[in-house]
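The values are calculated or read from the model by the stated rules, or taken from the named source; none is laboratory data. Since the structure is predicted, the reported quantities are computational estimates derived from the model, not experimental observations. Cβ coordinates were reconstructed from backbone atoms using ideal geometry, including for glycine residues, and neighbour counts include every protein chain displayed.
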């Protein structure tokens, strides 16, 4: 019988770190691998956090560099962009001029890369790819490659293209960020090691869309984010 | 109105070069881009040919390097494999011990990479990704990521994940290699510039699965392959 393994897309942020916690709980750390992807982000804070979180769980961390593919993309998250990362919620941005933090088909490419990586690590195992997307990511259609429809579609493509050896799941796809924090607090995810802010300061800025969402998610659980913010 | 552009996965082989010819015929060379992917192949013959073919058509050629993703994969096509490229048809290999030339989810990853690349080149255009797979690729289930079912599934995922801006088509998916050569001879594809052999000799070997298929495809069209072979 083929062994069952899991591979988690780990950015070092809140969602993917919780996803890793869930995967380890379900598969045991020796059957779990994590992959962090660099794609020309403005800062390397997240990738450092990915390493700390992977070490915490005792899983192997692989790095994939997709920077050259996104060269020239007009996205404020990328270091060669002329545009600053905007402040305010996603909702405000969409109703202003569209989400400038959309990285073209990023999740599709990362899932495909991880499917290939999984079978390159062990071509005899069956693999589950864990993706930490959630329903707030698709609010107002901000990121189409985070939707439940997208997860179903990419799972189908990956499954067909790998002789059925690789599947893709997104355990939080129907949940809000506050639900994810609830799960994470229950299973003891080391949130003090994570980083979510789009900017690369000493502390999380507290003003960008992801900071606003993150703080609110802890607040809704009656908890305080262990990671400090510039703006209290 | 958004401008319509095409991007072609170009290996420098027979199928993808014909695909480029078709895309240029349909979109005009100034609206077509080509992408060649390196993934740790044993030789660089194909990538050189991709450049020659792109130059012939006057289209921009982009290169994407996915080598590190496949590091460790057990595939005889890759340069770090211990295994030799087998001789004989795919049919013989499948009935022997499986196709050792399967590169894990290669087409899925390459399509995803090209979708991201297309929107990085021009995020305002609508794009069609051209993929040169054909029905012989899936004979006996050799390459599941070349099937019609797969093309439909990855098109669906790409479409959803890009706000509908990118589609994937495989104009030859129901055809045999000989049908592709027929199309290519009609529209004047410069086959003398292409390379299909899995091995990287001075001439095409004439013995590996892809050489056998290629020669036969010309023969069925009453034509002779302009590229010379070791074994006549």
Check: Which of the residues belonging to the stretch B:200-213 are out of contact with any strand residue (DSSP E or B) (no Cβ under 6 Å at 6 or more places or on another chain) and surrounded by fewer than 18 Cβ atoms within 10 Å (Cβ to Cβ)?
Finding: B:200, B:201, B:202, B:212
Notebook entry, point to check: Looking at B:145, B:225, which one is buried (at least 16 other Cβ atoms within 10 Å of the Cβ), free of Cβ contacts under 8 Å to residues at least 60 places away in the same chain and in a loop (DSSP other than H, G, I, E, B)?
Noted result: B:225
Notebook entry, point to check: Among the residues of the stretch A:214-227, is any in contact with a strand residue (DSSP E or B) (Cβ under 6 Å, 6 or more places away or on another chain) and more than 19 Å from residue A:21 (Cβ to Cβ)?
Noted result: no
Margin query: Here is a check on your reading of the model: is residue B:49 in contact with a helix residue (DSSP H, G or I) (Cβ under 9 Å, 6 or more places away or on another chain) and modelled with pLDDT of 90 or more?
Written below: yes
Check: Has the stretch B:184-194 got at least one residue that is at positive phi and either buried (at least 19 other Cβ atoms within 10 Å of the Cβ) or modelled with pLDDT of 95 or more (or both)?
Finding: yes
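If a residue must be over 17 Å from the mean Cα position of the chain (by Cα) and at pLDDT 65 or above, how many such residues does the stretch B:61-98 contain? Can you show your working first?
Kept after step one, since they are over 17 Å from the mean Cα position of the chain (by Cα), are these residues of the stretch B:61-98: B:68-76, B:79-89, B:91-98.
Right, trim to at pLDDT 65 or above and you get B:68-74.
Going through the stretch B:61-98 one residue at a time, the tally reaches 7.
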Margin query: Residue under question is residue B:107, and the condition is that it be surrounded by 19 or more Cβ atoms within 10 Å (Cβ to Cβ), in contact with a helix residue (DSSP H, G or I) (Cβ under 9 Å, 6 or more places away or on another chain), modelled with pLDDT of 95 or more and facing chain A (nearest Cβ under 9 Å); does it hold?
Written below: no
Check: Can you tell me which residues in the stretch B:155-164 are touching a residue at least 24 places away in the same chain (Cβ under 8 Å) and either under 19 Å from the mean Cα position of the chain (by Cα) or farther than 16 Å from residue A:149 by Cβ (or both)?
Finding: B:158
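Residue-wise test of (1) more than 12 Å from residue B:109 (Cα to Cα); (2) at pLDDT below 95; (3) more than 8 Å from every other protein chain (Cβ to nearest Cβ).
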residue	(1), (2), (3)
A:115	no, no, no
A:126	yes, no, yes
A:131	yes, no, yes
A:141	yes, yes, no
A:144	yes, yes, no
A:149	yes, yes, no
A:152	yes, no, yes
A:155	yes, no, yes
A:158	no, no, no
Checklist line | Output for the stretch A:160-183, where each listed residue is part of a loop (DSSP other than H, G, I, E, B) and either within 8 Å of chain B (Cβ to nearest Cβ) or surrounded by fewer than 23 Cβ atoms within 10 Å (Cβ to Cβ) (or both) | finding: A:162, A:163, A:164, A:165, A:171, A:173, A:174, A:175, A:176
Next item on the list: For residues that are more than 14 Å from chain A (Cβ to nearest Cβ), over 18 Å from residue B:130 (Cα atoms) and either surrounded by fewer than 16 Cβ atoms within 10 Å (Cβ to Cβ) or in contact with a helix residue (DSSP H, G or I) (Cβ under 9 Å, 6 or more places away or on another chain) (or both), tally how many sit in the stretch B:25-45.
Entry: 3
Check: So which residues in the stretch B:1-24 are surrounded by fewer than 19 Cβ atoms within 10 Å (Cβ to Cβ) and free of Cβ contacts under 8 Å to residues at least 60 places away in the same chain, if there are any at all?
Finding: B:1
Next item on the list: Select, from A:174, A:200, A:132, the only residue that is within 20 Å of residue A:39 (Cβ to Cβ) and more than 14 Å from the chain's Cα centre (by Cα).
Entry: A:200
